[in-house]
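The numbers here are math on the coordinates, done by the rules we state, and not lab data. Small disclaimer: the values here were computed from a predicted structure and weren't measured. Backbone-built Cβ (ideal geometry, glycine too); neighbour counts: all protein chains shown.
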Amino acid sequence: MDDGLLAAIAATAGTPVYVYDAGAIRARYAELDGALREDGARHHVHYSVKANSNAAILGVLRELGAGVDVVSGGELRRALAAGFKPEQVVFSGVGKTPSEIEDALRAGIGLINAESAAEIEAIACVSARLSAKARVGIRVNPDVTAETHPYTRTAERGMKFGVPLDEVIGLARRIRELPALDLASVGMHLGSQITGDAPYRAGAAKLGTLVAELRAAGITTLTSLDVGGGLGIAYADGEPALDPAAFADAVAPLGRATGLEILVEPGRYLVGNAGVLLTRVLYTKVSGGHRMLIVDAGMNDLLRPSLYQAVHPIWAVGARDAAATDVVDVVGPICETGDFLGLARRMPPARAGALLAVGGTGAYGFTMSSQYNSRPRPSEVLVDGEHWGVIRERESPEDLVRGEHGTPRWLA
Ligand SMILES: *Cc1c(COP(=O)(O)O)cnc(C)c1O
C-alpha cells in the first residue's frame, strides 16, 4: 500500500483507521501453505480468528481454502457467518462455557481442543445430552520455552494452558470410556511471536513420542496433530522472523512419521504485516526536553505498545524520504502515561495535521481495541488491488452507551 493511497483513505475515511491489504494476506498464506506442501505434509491451515476477526478478513482467508481456529462462542459465530464450514472450525481456549460448547456441538464443528480433564467431562456431558459424538483434541502442555514476551508464552510447566504431558495418556483412556467423545487429535500451542524454529522442533518431538505412546495404549482414533500458531514476524526491516521453510521442516516430519494430518493455527503470521493504523497529529509539544507528537489514536485503538512494549514502525505518510532529524515520542490522548504508540523515534519534523502510519498492526490491533476513555473504536478499511472500501464503520457516540440503562429507579 503506497503512501498516496493511505493519504487518500485517511482523507475520506477519517482517522484513526486501520487499513488492511488483501494481497499481502494472500501472499503470506501462499508462502506458508507452499512451504508445508513442499515438505510433503498433509496439512491444513486454520487461521486464528482472534488476530483479526473482521468479516471481510475472514472472507479473504476462506476463499484461500483456510479453516479457522476460534477461542470463543463469539468467534465461532463470526466464522460461521463468514461462510466457513463447521468441519473447518477448531475450537480452542482454556475456559469454554457449557453454552459455548453446546453451540459448537450443535453447529457440528470439526474439533474441540480441551485443556483439562474437567473440561473433557463438561464436553462429554453436553455431547451426551445432545446425543452427539464430539471430536475432541487434547491440548498438551509440552513444557517448551519459547523466547518471546512473558505474556505470550503458553507452554511452560505451571501455566494455565494445556494438559501436562504426563497426564495425557490417562485422559485419553478416560475419553475412550466416554461414548459421547472421540479423541481425534493431540496438539500444542507454544506461544506467540516465536521467531525461531527450535521450539517447534522440541514440541514436535514430544508430540511424536506421545502419539507412539497413545497408540501403544490402544488409542486408534487420532486423525490429526495440531502444532498451534505463534509463527513470528518481523515488525521492522532486519528483525528476526520465523522462516516458513524452517517451520515446515520442524513440523512436517511429524506428519509423515505418524501418518496424521498436521493442523497449523497462524494468526499474526498471516495478517500482522498486512495492516497499518493511520493516525493524525493533533498537537506537538516539548516537555522536559522530550519532543512529543500527540496523535488521535491511543492505547484503546492499539494496545500492543502499552501491553507488550511492542515496537511498531511509525512513519510520516508522504515523507518517507525526508531527513529524520527529530526524536519524538508518539503519544495518544488517553489519560495514562502508558498510552504511547512509540517512544524516542527518529522522524522528520511533523506538524499538527500530519498523517502518521503505524506498521505491523494487522494482528492484535483492532481486536484488542476498547472504548477506554469513552472513545469510539476506529473504522477498518480493506484494500484489494485498485479497490478499497470500509469494512467496519467507525463507532458512533450512541455505540458508547449502547445497553446502558441510565440511573436506576431507586437512585432517581
Ligand atoms: C492465539 C492462538 C493462536 C494464534 O497465535 P499467533 O501468534 O497469532 O499465530 C493459535 N492457536 C491458539 C490456540 C491460540 O490461542
- Message: Which one, Ala134, Leu231, Thr15, is farthest towards the positive end of the dipole of the chain when Lys and Arg carry +1 and Asp and Glu -1 on their Cβ?
- Response: Ala134
- Taking one equal scatterer on every alpha-carbon of the chain, how large is log10 of I(q)/I(0) by Debye at q = 0.06, 0.14 1/Å? -0.27, -1.22
- Please work out the FRET efficiency for the pair Val286 and Arg320, using the Cβ-Cβ distance as r and a Förster radius of 30 Å; give the result to the nearest 0.05. 0.80
- Subtracting the Cα-Cα distance of Val327 and Arg129 from 0.36 nm times their residue separation yields 65.0 nm
- Task: Taking just the C-alpha trace of region 301-380, give me its Rg and Dmax in Å.
- Result: 13.0, 37
- What share of the DSSP beta bridges in the chain is antiparallel, in percent to the nearest 5? 45 percent
- Item | Calculated Rg and Dmax of region 340-412 using C-alpha coordinates, Å | 17.9, 57
- Message: With N set to the number of residues, divide the alpha-carbon radius of gyration of region 32-77 by 2.2 N^0.38 Å and report two decimals.
- Response: 1.26
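Using the Cα centre as the reference, give the magnitude of the dipole from point charges on the C-beta atoms of the chain (Lys, Arg: +1; Asp, Glu: -1; all else neutral), rounded to the nearest 20 debye.
The calculation lands at about 620 debye.
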- Hey, can you list the DSSP H helices of the chain whose Cα span along the axis is 20 Å or longer and whose average Kyte-Doolittle score is at least -0.5? 22-38, 198-216, 244-258
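Could you work out the relative contact order of region 90-232, using alpha carbon pairs under 8 angstrom and six or more residues apart, expressed as a whole percent?
Working: 253 pairs, mean separation 33.2, N = 143.
Computed value for region 90-232: 23 percent relative contact order.
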- Excluding residues fewer than 8 positions from Lys206 in its own chain, the lysines with Cα under 24 Å of it are Lys160
- Message: For a protection proxy built on the mean count of beta-carbon atoms within 10 angstrom, sort 285-291, 35-41, 317-323 highest first, please.
- Response: 35-41, 317-323, 285-291
- Note on the structure: A chain fully extended from Ser396 to Arg106 at 0.36 nm per residue, minus the present Cα-Cα distance, gains in nm 100.9 nm
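Using a Förster radius of 51 Å, what is the FRET efficiency between Arg37 and Ala11 based on their Cβ-Cβ separation? Nearest 0.05, please.
Numbers: r = 42 Å, r/R0 = 0.82.
The formula returns an efficiency of 0.75 here.
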- region 23-111 - charge dipole about Cα centre, Lys and Arg +1 at Cβ, Asp and Glu -1, debye rounded to 20: 160 debye
- Hey, what did region 1-82 get for relative contact order, percent, Cα under 8 Å, at least 6 apart? 26 percent
- Item | Ranked by how many other beta carbons lie within 10 Å on average, peptides 146-155, 234-243, 262-271 from highest | 262-271, 146-155, 234-243
- Relative contact order %, the chain, counting alpha carbon pairs below 8 Å whose residues are six or more apart: 19 percent
